[in-house]
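The values are calculated or read from the model by the stated rules, or taken from the named source; none is laboratory data. This one's a predicted model, so the numbers in the text were calculated from it and none came from an experiment. With ideal geometry, Cβ positions are generated from the backbone for all residues, glycine too; neighbour counts draw on all protein chains shown. For accessibility, only protein heavy atoms count, side chains too; no ligands or nucleic acids. Shrake-Rupley method; radii C 1.70, N 1.55, O 1.52, S 1.80 Å.
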Amino acid sequence: MNSTIVRAVCPHDCPDTCALHVTVENGVATAVKGDPEHPTTAGVLCTKVSRYTERTYHPDRLLYPQKRTGKKGEGKFERISWEEAIAIIASKLKPIAAEDPLAILPYSYAGTMGLVQGESMAQRFFHKIGASFLDRTICATAGGTGYKYTLGTRMGTDTEQTNNAKLILIWGGNPIASNLHFWTRVQAAKRSGAKLIAIDPYRSLTAEKCHQHIALLPGTDSALALGMMHVLIKEDLLDHAYIEAHTLGFSQLCERVAEWTPERVATVCGITAEEVVQLARDYGECGKRGEASMIRMNYGLQRVHGGGMAVRNIACLPALTGAWRHAAGGTQLSLSDAFPKNTAALHRLDLFPAGKPRRTINMSTIGDDLLRASSTEFGPMVEAVIVYNSNPVAVAPESGKVAQAFGREDLFTVVLEHFQTDTADYADILLPATTQLEHIDIHSTYGHLYMMANNAAIAPMGEAKPNTEIFRLIARAMGFDEPCFSESDDDIAAQAFNKNHAHAVHFDWSSLKKAGWAKLKVADAPFANGGFGTPSGKCEFYSASMLRDGFDPLPSYIPPYESQADNPELAKRYPLAMISPPARNFLNSTFVNVQSLRDTEGQPHLDIHPQDAAARAISQGDKLRIFNDRGSFEAVARVTDKARQGLVVGLSIWWKKLASDHKNANEVTSQRLTDMGGGPTFYDLLVQVEKCHEA
């Protein structure tokens, strides 16, 4: 038997970006395991990726190009050749591009995080044709914007230092489900005496294993951070030397947070004043003892109206206590700015036609924007959309409107996919893409500091092609003859990282392919001596950049669009807040069609507090209808105090076609955007819940 081990990388939208060993026997991938030598993976994979061969060899894999034969949304297709598929695409795009290329739109996100199969050849194609730009906001832009206003860069505490922290605040995340290797280090810190505090509206698997769980109301995280700052300053739990040397605007901050008493914060957050005070004391006293305190923020907390400000407020805390002095101190939201990505070479923005108008469409408002008519303000109506690395009909907010938009018979839609997803059902042309085991890629990460190489372990299944090759073929059919459209995937990967960068190791693609991974050169405590990326070089409590951009320059509280306290008239009709965090066995909408993983999840559930259930005569196992003015979906009741009173929780994201009512939680979410960064507000909504009435 011919058996080899191939070095690969998990491609999915997860901070862990695991190093993989793929066992290949006679050309077939038989096992996917974690690289035992990679420091963060340490030989361990999540349940999802450990079953990756089930996904690659799934009987429902798309293996051939297809064209639509039924109505949009019906999912009826017939097999065609690649030559016919590419010819149809080019014949549709050429007249649109000749009239106004801004009527052509890409739609993609992080179906793969790879720098080659993600946004290299695809971006070159759309830039050359002069298409509309897509603002890729759906995950992290609100928090990233608030973080960068404060610290100047998306950098933070190295995950590998977590073991040495003595206080860890897990704020707005459930790492057991979505950041497993960070959680492993948290557990090591706990065994060494660290205190763990979860701050989350929902008592998640992670919160259950922490010493304390603070169950604040959704969208009130920024108020809690203001209350912590109030107590830290009032009780002088501060590192005055660090504040003096490495921060800007401390006196203004003191004035601002003086009004945020623990009692006021408790009222806003739906917790007790004692919880506010004790949290601040735990945090400040840790610094006074000379011990490391770490805040691990996650993206849930920034998916509300004031999400950017919430992250900004939390990012101010480490500078007050001097937590940045410690390698295990500070905070982490993302480490993505540590990577010396050579975006100019990968994306080739210089290909965009000189002097031609540009337009940017926000992916989080795709439902509205695909339905907009041409106008002077908006520009041309979108006439063609190419979807890759995403499943917008399932994952974009206000899903009913998204499906209506993709259902336009006059919208030419191309979808590159592994499976016939909810979005694929609306395609005019459906193209089979390769999975991570079938192509080359190179990865940066946002949860650790290793450059990662993915080698192709097996030949492409059926007639599937890498994203890069698909866009090469379309570019050729469009008559694009620039040399960059002929570059191989290896050629592209070799350009992925700048060699002249403060964090760069000696980057050589051929060497990285053999080794699998290499760590960046980043200081253990990157802000121990200041050196922030802001205009002042300091942590900016007062941000002139924010003032210039129309924001409050100081930390503040921005209430949710929809809450019982701030929108009482709406709350009379829809009295329950709702969040839809990730189900443990899914990753966004990926893996939902893997039978073994879906069997573990069972069916769509809604967690509801016993008092809220009793008020509606709801019992365990009842089929429920969850609704508001935007839409409705169905789920099965789980009556539990994991959901605080006044909150319901629908773990997500289910494919709509695999739910009994062919809907999911995004039927009720809103296309309203966050305070900054243009992000979605998935966790800023009110609903009502009732038992389904059987026909």
- Message: Tell me the carbon and sulfur percent of the accessible area for the chain, rounded to whole percent, probe radius 1.4 Å.
- Response: 49
- Task: Could you calculate, for region 211-315, the ratio of the Cα radius of gyration to the Kirkwood radius, expressed as Rg to Rh?
- Result: 0.94
- Out of Ala464, Thr435, Ala403, whose Cα points farthest toward the positive end of the dipole of region 356-501 (charges: +1 Lys, Arg; -1 Asp, Glu; placed on Cβ)? Ala403
- Item | Centroid-to-centroid separation of region 269-298 and region 91-143 [C-alpha atoms, Å] | 43
- By DSSP, what percent of the beta bridges with both residues in region 314-434 are antiparallel, rounded to the nearest 5? 10
- Task: With a ≥ b ≥ c taken as the square roots of the eigenvalues of the C-alpha gyration tensor of region 540-614, please select rounded if a/c is under 1.5 and otherwise prolate if a/b is larger than b/c or oblate if it is not?
- Result: oblate
- Message: So, R0 is 35 Å and r is the distance between the beta-carbons of Ser488 and Lys356; what FRET efficiency does that work out to, to 0.05?
- Response: 0.75
- Task: Please tell me the relative contact order of the chain in percent, rounded to the nearest whole number, where contacts are Cα pairs under 8 Å and at least six residues apart.
- Result: 20
- Any chance you could run the full-extension gain for Gln252 through Ala523? It's 0.36 nm times the residue separation minus the Cα-Cα distance, nm to one decimal. 94.5 nm
- Note on the structure: Over the chain, cysteine residues that find no other Cys C-beta under 4.7 Å are Cys14, Cys46, Cys139, Cys210, Cys254, Cys269, Cys286, Cys316, Cys484, Cys539, Cys692
- Query: Once the piece of chain linking Glu25 and Asp566 is laid out straight, how much longer is it, given 0.36 nm per residue of separation minus the C-alpha distance between them?
  - Reply: 188.7 nm
- Whole Å is fine, so just give me how far the alpha carbon centre of region 385-442 lies from that of region 646-670. 19
- Message: So, for the chain, what is the accessible surface per residue at a probe of 1.4 Å, expressed in square angstrom?
- Response: 35
- HN-Hα couplings for region 286-299 via Karplus (6.51, -1.76, 1.60; θ = phi - 60°), in whole Hz with x for Gly/Pro, come out as 4, x, 4, 7, x, 10, 7, 10, 10, 10, 9, 7, 10, 6
- Query: How large is the charge dipole for region 239-395, taken about the Cα centre, if only the Cβ atoms of Lys, Arg (+1) and Asp, Glu (-1) carry charge, to the nearest 20 debye?
  - Reply: 520
- With a ≥ b ≥ c the root eigenvalues of the C-alpha gyration tensor of region 183-249, is it rounded (a/c under 1.5), prolate (a/b larger than b/c) or oblate? oblate
- Query: Expressed as an acute angle from 0 to 90° and rounded to the nearest 10, what is the orientation of the C-alpha long axis of helix 467-477 relative to the principal long axis of the chain?
  - Reply: 50
- Query: On average, how much area does the Cα convex hull of region 543-695 cover when viewed from any direction, in nm²?
  - Reply: 10.8
- With a sphere of radius 14 Å drawn around the Cβ of Ala615, what net charge do the other residues whose Cβ falls strictly inside it have (Lys, Arg +1; Asp, Glu -1)? -1
- Message: If I model a spin label as a point 7 Å beyond the Cα along the Cα-Cβ vector, how far apart are those points for Thr376 and Asp135 in nm?
- Response: 2.2
- Task: Would you please state the base-10 log of I(q)/I(0) at q = 0.12 1/Å for region 131-217, with intensities from the Debye formula using one equal scatterer on every alpha carbon?
- Result: -0.45
- Query: Rounded to the nearest 0.05, what FRET efficiency is calculated for Thr267 and Glu601 with R0 set to 56 Å and r the Cβ-Cβ distance?
  - Reply: 0.95
- Query: Projected area of region 420-511, taken from the Cα convex hull and averaged over every viewing direction, in nm²?
  - Reply: 8.5
- Message: Per residue of region 404-414, what does 6.51 cos²θ - 1.76 cosθ + 1.60 with θ = phi - 60° give for ³J(HN,Hα)? Whole Hz please, x for Gly and Pro, Karplus curve as stated.
- Response: 4, 5, 5, x, 4, 5, 8, 9, 7, 10, 10
- Query: Check Ala496: other-chain or 5+ apart residues with amide H under 5 Å from its amide H, H built from backbone geometry?
  - Reply: none
- Of all DSSP beta bridges having both residues in the chain, the percent classed as antiparallel (nearest 5) is 50
- Task: Could you list the chymotrypsin sites (Phe, Trp or Tyr not before Pro) in region 319-418 that lie in coil according to DSSP, counting only those with at most 15 other Cβ atoms within 10 Å of their Cβ?
- Result: Phe378
- Item | Kirkwood hydrodynamic radius (C-alpha pairs) into Stokes-Einstein, region 514-583, 37 °C and 0.692 mPa s, D in µm²/s | 190
- Positive minus negative residues near Cys286 (Lys, Arg vs Asp, Glu; Cβ under 10 Å): +2
- Item | Percentage of interatomic Cα-Cα distances in region 249-295 larger than 18 Å | 46
- Query: Could you state the per residue volume, in Å³, of the convex hull enclosing the Cα atoms of the chain?
  - Reply: 158
- Note on the structure: The correct pair for region 431-471, radius of gyration to one decimal and Dmax as a whole number, both in Å and from Cα atoms, is 11.9, 36
- Query: If R0 is 41 Å, what FRET efficiency do you get for Ser510 and Lys691 from their C-beta distance, rounded to 0.05?
  - Reply: 0.10
- Net charge contributed by nearby residues that have their C-beta within less than 14 Å of Ile170 (K/R +1, D/E -1): +2
- If you find the alpha carbon centre of region 317-346 and of region 447-521, how far apart are they in angstrom? 25
- Note on the structure: Loop-resident GluC sites (Glu not before Pro) in region 219-273 with no more than 12 other Cβ atoms inside 10 Å, DSSP not H/G/I/E/B, are Glu259
- Task: Count the DSSP beta bridges whose two residues both fall in region 530-668, then state the antiparallel fraction as a percent rounded to the nearest 5.
- Result: 55
- Message: Take Arg548 and Ile5, extend 7 Å from each Cα along the Cα→Cβ direction, and tell me the distance between the two endpoints in nm.
- Response: 5.1
- Message: Apply the a/c threshold of 1.5 to the C-alpha gyration tensor of region 348-485 and tell me whether it is rounded, prolate or oblate.
- Response: prolate
